1. If you check residue 234 against the conditions, is it farther than 26 Å from residue 71 by Cα and either over 19 Å from the mean Cα position of the chain (by Cα) or not charged (D, E, K, R) (or both)?
2. Any residue at all in region 95-114 that is within 22 Å of the chain's Cα centre (by Cα) and without any contact (Cβ under 8 Å) to a residue 12 or more places away in the chain?
3. Considering only residues that are of a type in the set (D, E, K, R) and either assigned to a strand (DSSP E or B) or not assigned by TED's automatic domain parsing to the domain that holds residue 323 (or both), look in region 148-177 and name the one that is surrounded by the most Cβ atoms within 10 Å (Cβ to Cβ).
4. Which residue pairs have Cβ atoms under 6 Å apart, sit 6 or more places apart or on different chains, and have a first residue in region 187-205 that is not assigned by TED's automatic domain parsing to the domain that holds residue 266 and a second that is surrounded by fewer than 19 Cβ atoms within 10 Å (Cβ to Cβ)?
5. Looking at region 194-210 only, could you name the residues that are surrounded by 23 or more Cβ atoms within 10 Å (Cβ to Cβ) and at pLDDT 95 or above?
6. Report those helices (runs of 4 or more DSSP H) wholly inside region 335-425 carrying at least 3 residues which are polar (S, T, N, Q).
7. Say whether the condition of being modelled with pLDDT of 95 or more, surrounded by fewer than 20 Cβ atoms within 10 Å (Cβ to Cβ) and touching a Leu at 6+ places or on another chain (Cβ under 9 Å) is met by at least one residue in region 349-367.
8. Restricting attention to region 17-58, and to residues there that are out of contact with any strand residue (DSSP E or B) (no Cβ under 9 Å at 6 or more places or on another chain) and at pLDDT below 95, which single residue is surrounded by the fewest Cβ atoms within 10 Å (Cβ to Cβ)?
Amino acid sequence: MSRKMLIDGEKGNSNEENVQYDFDLFVIGAGSGGVRASRTSAAFGAKVAICELPFNPVSSEVIGGVGGTCVIRGCVPKKILVYGSSFRGEFEDSKNFGWEVNEQIDFNWKKLLHNKTQEIFRLNGVYKRLLSNSGVTLFEGEGKVTDPHGVELTQVDGTKHRYSAKHILIATGSRAQRVPFPGQELAITSDEALSLEELPKRAVILGGGYIAVEFASIWRGMGVSVDLFYRKELPLRGFDDEMRVVVANNLEGRGIKLHPGKTLSQLIKTEHGIRVLTDHGEELIADVVLFATGRLPNTKRLNLEAAGVEVDKTGAIKVDEYSRSSVPSIWAVGDVTNRMNLTPVALMEGTCFSKTVFGGQPSKPDYKDIPCAVFCIPPLSVVGLSEQEAIEQANSDILVFTSTFTPMKNSISGRQEKTLMKLVVDSETDKVLGASMCGSDAPEIMQGIAVALKCGATKAQFDSTVGIHPSAAEEFVTMRSVTRHVTAGGKPKTNL
């Protein structure tokens, strides 16, 4: 496809080029991807508008707020709660370092909740100012598509307006889903979990993904009794199997009760709390039941069928390598496309969209070697291929290097919790294909490792790098002995 065809559309003609639109770009959804795309498009000289529902800190039914899921009800508030919950372990560990904690330490949930909400209000304002300073017109309301170049905006008071745009970008993200079984209405999702008026004493969580694991750590760190149910043998499906074992052990070590291979079947409201029934005939009483079983693309109310935009069975908008939908004038970025659902990825996709459409620089998002983290306590972070993925994709043998150790801090505190690090290496090229770590500061360390992988670093280059001592991070450059040598066929090689 030529540059002109890519930017103007394959069916573009002189008549269409002479059409006068209200905006060059209208963005529906002011989350990470939408805000980035609108600002960078405006920097290229485009006339841009963006719409988003106003932020409502009380209602979980209205999914709105400039900044999107990450800022309003995702990464940011979650990380604030992770920080808050981490102090419990710090207080416990401090005793063997000479700190005398003689008085009872109380936790004030409402104070943390208030400070968290204030920070979200601040960030919501920051994002609004970023849009304004970039020359982007912000409409507060709900947008939907009316045709390939039309958007209908419904404001909070019910007033409707219609706007035309040469290009429309959908960046409405995703929303938490509920599990359909009797009593499901008694459960909450992560949206409500971030703003509970009262901290529960007993919590049941259904799900084995990162949201489930993170909230289990958060609540347990705040003194809540937590039961975690998931269908698989281990939590965090899709991550490195060895790391999943370590995370499960750490969750149990922190006092979380794990229920692998089980799910919930019914919830019943009682005067003593929510009676939770499992598919194995067990019963529990909980103050809160959290559904953390994944998220779905937020497309139901967009009226996409009116413009002929194709979606898959989950509701995700189908796009090409440049984020263009089946309709040449309509594009989509972020979780609504269900490609790789991470905030930094949405930012990358938004930037590539702007370069492609308004910068004259057709750009495809690069999904290789993207690092990510699970903010359980302690956290897990990875970049590149897991051991299992490397074995499946390899054309040559795979070398696995691991280091399992008790962190220096735990040697004194007495906490029985190990750190695990891993490098996966192509034996033929010596290139590091993947790295992972479960332990304190793992995300901070992995960000630097990600740069190395993006540059194509080899194991020899890791080995030649001088470590920072004493630190956990130095283990990544001191692993010399091969833990496993797996042949291209996936079989362990024993004659090391």
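1. Working: farther than 26 Å from residue 71 by Cα: yes; either over 19 Å from the mean Cα position of the chain (by Cα) or not charged (D, E, K, R) (or both): yes.
Against the criterion (farther than 26 Å from residue 71 by Cα and either over 19 Å from the mean Cα position of the chain (by Cα) or not charged (D, E, K, R) (or both)), residue 234 qualifies.
2. Taking region 95-114 first, the residues within 22 Å of the chain's Cα centre (by Cα) are 113.
Subsequent filtering for residues that are without any contact (Cβ under 8 Å) to a residue 12 or more places away in the chain retains none.
No, because not a single residue in region 95-114 is within 22 Å of the chain's Cα centre (by Cα) and without any contact (Cβ under 8 Å) to a residue 12 or more places away in the chain.
3. The initial filter retains those residues of region 148-177 that are of a type in the set (D, E, K, R), namely 152, 157, 160, 162, 166, 175.
Still in the list and also either assigned to a strand (DSSP E or B) or not assigned by TED's automatic domain parsing to the domain that holds residue 323 (or both): 152, 160, 162, 166, 175.
Working: 152: 17, 160: 10, 162: 11, 166: 22, 175: 17.
It comes out as 166.
4. That search, which allows pairs on different chains as well, returns nothing.
5. Kept after step one, since they are surrounded by 23 or more Cβ atoms within 10 Å (Cβ to Cβ), are these residues of region 194-210: 194, 203-208.
Of everything in region 194-210, those that are surrounded by 23 or more Cβ atoms within 10 Å (Cβ to Cβ) and at pLDDT 95 or above turn out to be 203, 204, 205, 206, 207, 208.
6. On the way: elements: 343-357, 387-393, 408-413.
Result: 343-357, 408-413.
7. Scanning region 349-367, I find at least one residue that is modelled with pLDDT of 95 or more, surrounded by fewer than 20 Cβ atoms within 10 Å (Cβ to Cβ) and touching a Leu at 6+ places or on another chain (Cβ under 9 Å), so the answer is yes.
8. The initial filter retains those residues of region 17-58 that are out of contact with any strand residue (DSSP E or B) (no Cβ under 9 Å at 6 or more places or on another chain), namely 17-18, 32, 36, 40, 43-44, 55-58.
Remaining after also requiring at pLDDT below 95: 17-18, 55-58.
Values: 17: 9, 18: 7, 55: 22, 56: 14, 57: 17, 58: 9.
In this case the residue turns out to be 18.
The values are calculated or read from the model by the stated rules, or taken from the named source; none is laboratory data. None of the values given here were measured: they were computed from a predicted structure. FYI the Cβ positions are ideal-geometry reconstructions off the backbone, even for glycines, and counts take in every protein chain you see.
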